Amino acid sequence: MTDKIAIIGFGNIAKAIITPLLDKKIIKPENIYCVVNSEKSFINIKKNYKHNINVYSSSSKDSTIIWDCQYKILSVKPQHFKDIVEAGNIKNKDNLLVSILAGVSINRLTQKFPNHKCVRAVTNIPITIGKGLTGIAWGGGITKDQKEFTKKLFENSSKVYEFTEDYLDIFLALTSSGPAIVALIIEALSDGGLSGGLPKILSEELVMEMILGTISVLKEKKLTTSELKNLVTSPGGTTISALRVLEKKSLRSALIESVVSASNRSKEFR
Ligand SMILES: NC(=O)c1ccc[n+]([C@@H]2O[C@H](COP(=O)([O-])OP(=O)(O)OC[C@H]3O[C@@H](n4cnc5c(N)ncnc54)[C@H](OP(=O)(O)O)[C@@H]3O)[C@@H](O)[C@H]2O)c1
């Protein structure tokens with residue numbers, strides 16, 4: 001990747017996308033031009049970021065240089081979307097803008113950045129440790145090279161899936177909201193251990209190891225979830241007793257509805 005890349009908002013997620021590419025020398029630090037909002041973040045990146053990239057604060061006049069880059073990643077919080085204004089003397093008409101903002105549609109992106117072809121990417125928090133899931137929806141007129149560029153951006157830190165935009169809401173609900181849902185389940189199961197007299201830390205560790213082990217068994221033995229459930233549920237035993245309580249309390253329905261609700265909320269943001 002030899003082109004200049006602008007990054008508007010260099011926070012947690014943008015760093016997670018770009019740092020592995022810099023670490024692996026897939027892109028050169030001198031080709032990265034990022035802009036952040038506060039003087040504090042500007043100084044912090046200048047002093048502490050391990051790669052010597054170009055960085056500007058949004059109040060600096062020089063920051064408009066980022067609009068000269070052919071490729072841009074937009075990674076501010078959705079509430080700051082309104083503050084970003086396409087600027088500069090954009091001559092090249094083959095500009096690409098990749099937005100990772102939750103809930104901002106390709107239509108809104110294209111209206112705001114008329115000199116750019118726009119791509120919407122939805123990613124999730126495990127991208128910060130290179131284990132993310134990223135869903136990509138293409139706007140109109142994107143070239144093959146621009147698709148390749150976008151996929152390469154994410155492939156070093158996540159598994160990449162291509163969708164039509166309609167599917168991004170449910171993808172976001174499952175994968176971006178999913179970590180919070182799973183964290184809540186871990187917390188609740190740990191509290192179950194606590195109720196039975198285990199120390200909190202041990203209980204949480206046991207739950208996490210159990211979940212990791214369960215996923216490994218499912219994958220390595222190629223079992224379906226029903227097959228695994230049947231394998232550990234003996235007649236009149238402890239597991240069926242636990243599952244009965246969950247069915248009575250409608251856990252299944254609660255989880256299904258939580259995903260549908262997150263997806264509907266994402267649609268409202270568009
Ligand atoms: N966190 C997640 O789990 C997650 C997962 C998937 C997708 N996302 C999406 O990723 C995006 C970024 O999230 P994040 O967690 O990386 O946020 P973050 O760490 O708060 O980073 C946001 C960045 O935007 C900068 N910024 C704010 N206003 C700006 C402006 N007017 N001009 C230029 N830069 C500006 C901030 O600068 P300052 O530091 O100076 O304020 C900061 O560098 C969000 O839209 C979110 O929807 C987040």
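Laboratory data are not the source of any read-out in this text; all were calculated from the coordinates shown. Just so we're clear, the structure is a prediction, and the values are computed from it rather than from any experiment. Positions of Cβ are backbone-derived with ideal geometry, glycine not excepted, and every protein chain shown enters the neighbour counts.
Less than 16 Å apart at the alpha-carbon level, and either on another chain or at least 8 residues along: which aspartates and glutamates does that give for Lys50?
By straight Cα distance, Lys50 reaches Asp23, Glu30.
Can you tell me the FRET efficiency between Lys24 and Val260 if r is taken as the Cβ-Cβ distance and R0 is 41 Å, rounded to the nearest 0.05?
Computed FRET efficiency for Lys24 and Val260 comes out at 0.60.
For segment 5-163, what is the Kirkwood estimate of the hydrodynamic radius, computed as the reciprocal of the mean inverse distance between distinct Cα atoms, to one decimal in Å?
With all distinct Cα pairs of segment 5-163 included, I get 15.7 Å.
If you split all Cα-Cα distances of the chain into 5 Å bins from zero, what percentages do you get per bin, shortest first?
Going out from 0 Å in 5 Å bins, the chain shows 1, 5, 10, 14, 16, 14, 11, 9, 7, 6, 4, 2, 1, 0, 0 percent.
Which value at 222 nm does the chain reach when only helices count, each DSSP H run of 4 or more adding -39,500 (n - 2.57), with the total divided by all residues and rounded to the nearest 500 deg cm²/dmol?
The helix-only estimate for the chain comes to -14500 deg cm²/dmol at 222 nm.
Multiply the residue separation of Thr225 and Lys61 by 0.36 nm, subtract the distance between their alpha-carbon atoms, and state the gained length in nm to one decimal.
Using 0.36 nm per residue and subtracting the Cα-Cα distance, I get 53.4 nm.
Take the alpha-carbon centre of segment 22-81, take the same for segment 192-270, and report the distance between them in whole Å.
Cα centroid of segment 22-81 versus Cα centroid of segment 192-270: 41 Å apart.
Can you compute the modelled spin-label distance between Ile181 and Val232, with each label point 7 Å from Cα toward Cβ, in nm?
Placing both labels 7 Å beyond Cα along the Cβ direction yields 1.9 nm.
What nm distance separates the two modelled labels at Lys249 and Asp3, each placed 7 Å from Cα along Cα→Cβ?
The answer from the label model is 5.2 nm.
Quick one: angle between helix 178-195 and the longest Cα principal axis of the chain, in degrees between 0 and 90, rounded to 10, please.
For 178-195 against the chain, the angle is about 30 degrees.
Out of the DSSP beta bridges found with both residues in the chain, what percent are antiparallel (nearest 5)?
15 percent
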